[in-house]
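Down below is the structure, laid out as structure tokens.
The values are calculated or read from the model by the stated rules, or taken from the named source; none is laboratory data. Small disclaimer: the values here were computed from a predicted structure and weren't measured. Note that we place each Cβ from the backbone using ideal geometry, even for glycine, and neighbour counts take in every protein chain shown.
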RNA sequence: GGAGAGGUGGCCGAGCGGUUUAAGGCGUUAGUCUUGAAAACUAAUAUAUGGGAAACUGUAUCGAGGGUUCGAAUCCCUCCCUCUCCGCCA
């Protein structure tokens, strides 16, 4: 949620910045400004009436105690008339508040000033070119799908028998490779100081409201039948960011850094025809996630740090990549600034997204009422939340297959992964 | 899944329709005393939001949301969570 006070005090500026997100939100923002003025008036009225009533009630109590119940009759009558007036104003106020909340929950975060303005991914900017050597092949490189099936480590046909389309079944060295990648990534992050978690894969609606998946993106989530309040997580960002929701943290406890491996579940509605084969876009995939809670003044610096942490995974695995700064129109709902990491896919002769690192500023914290208290200050402030893939495991699997493929169809295991995988090569055998 | 008991400030814990402005204790912070510390004593000790330059003050919050009432931590309804026992089960 953006700061409603900022919106009300600088409506033009905020509308401009929202417009930069390529959203038709100027109108909603204007509506909120109008409703808020009305709401404030009504609120004031209700509070005044309530103060009067509280006063009368107190008098009734005193009179009853001193002079008996009969003496209090007259004041009670007066209080009764107040009650009706109050109820009326209260209904009006509640209604206005509901309208405001409904709109506010649908308004995305404001892009940071450093974010390029543009309608979609065409306005994204490559901010760091690839610095690793691209693999050279003296043969036509295959895609990971073909490589994996030929090696007997990926079996999409059986996956569809078991579950449907857009699922993966990993077998033998394939399952082992996925598992070793997870351990490799988690170890990398915990050594850098992140606290490891293993959260539930089922999450309640309040948490989803907190991180911004609800109410707007309900159709992307798997909702459990007969369990109105429960959904499958689409990313570990949701449980990790919500760990301290509703709490007031101490300044000295910030920043906090979490990492977790979880499966992720996405309906991928509206992705018909995109990446239909292989490991790139499935309903269930594995991901290692990083989440930070920080003070506002540190969050941009931490975004850089966290993105480097994600880069380290690719670098250590020797996978060529570039860093892209997303434009206002391509960013996610909750983000103020997002870097994508894109990894090299030889079969497609291009870079493709493998990690997304975002600073959500106080947008999520406001929704989940997550604050901190300054050591020497008065009052509380919203913390800033950040999340980043560290990184998508299935896509890393695919990138390794493609970048490390040999002429005979075997796969060389990246040096850094060998202690985890236990072998230096995947070859076709059983 | 069945039966029962509960959820009150940072923590423990009283209150079960009206001087409660949530008692009391612990903890924390500051002060007094002390060479220093401890102890003792004194005081402070939530959050949000409105008004005000400030002192101060209005409103809301006792798991969440509704309801009854002039008045709700207290009574009623719904939901969530925790504990105990039973059942089932990795």
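Any idea which of A:269, A:192, A:236 is free of Cβ contacts under 8 Å to residues at least 60 places away in the same chain and touching a helix residue (DSSP H, G or I) at 6+ places or on another chain (Cβ under 9 Å)?
Of A:269, A:192, A:236, the one residue that is free of Cβ contacts under 8 Å to residues at least 60 places away in the same chain and touching a helix residue (DSSP H, G or I) at 6+ places or on another chain (Cβ under 9 Å) is A:269.
Being in contact with a helix residue (DSSP H, G or I) (Cβ under 9 Å, 6 or more places away or on another chain) and on the phi > 0 side of the Ramachandran plot narrows it down to one residue among A:369, A:359, A:387, A:349; which is it?
Exactly one residue qualifies, and that residue is A:369.
Output the qualifying pairs, or none if there are none: Cβ atoms under 6 angstrom, residues six or more apart or on different chains, first residue in region A:390-416 and at positive phi, second residue at pLDDT 95 or above and surrounded by fewer than 24 Cβ atoms within 10 Å (Cβ to Cβ).
Listed pairs, sorted by first residue: A:409/A:150.
Pull up region A:290-313, narrow it to residues that are under 13 Å from residue A:354 (Cβ atoms) and crowded, with 24+ Cβ neighbours inside 10 Å, then point me to the one that is farthest from the chain's Cα centre (by Cα).
My answer is A:313.
Can you confirm whether residue A:225 is surrounded by fewer than 23 Cβ atoms within 10 Å (Cβ to Cβ) and either in contact (Cβ under 8 Å) with a residue 40 or more places away in the chain or in the same structural domain as residue A:166 (by TED's automatic domain parsing) (or both)?
Yes; evaluated as a whole, the condition is true for this residue.
Could you tell me whether region A:239-250 includes any residue that is under 19 Å from residue A:397 (Cα atoms) and either over 16 Å from the mean Cα position of the chain (by Cα) or in the same structural domain as residue A:202 (by TED's automatic domain parsing) (or both)?
No: region A:239-250 contains no residue that is under 19 Å from residue A:397 (Cα atoms) and either over 16 Å from the mean Cα position of the chain (by Cα) or in the same structural domain as residue A:202 (by TED's automatic domain parsing) (or both).
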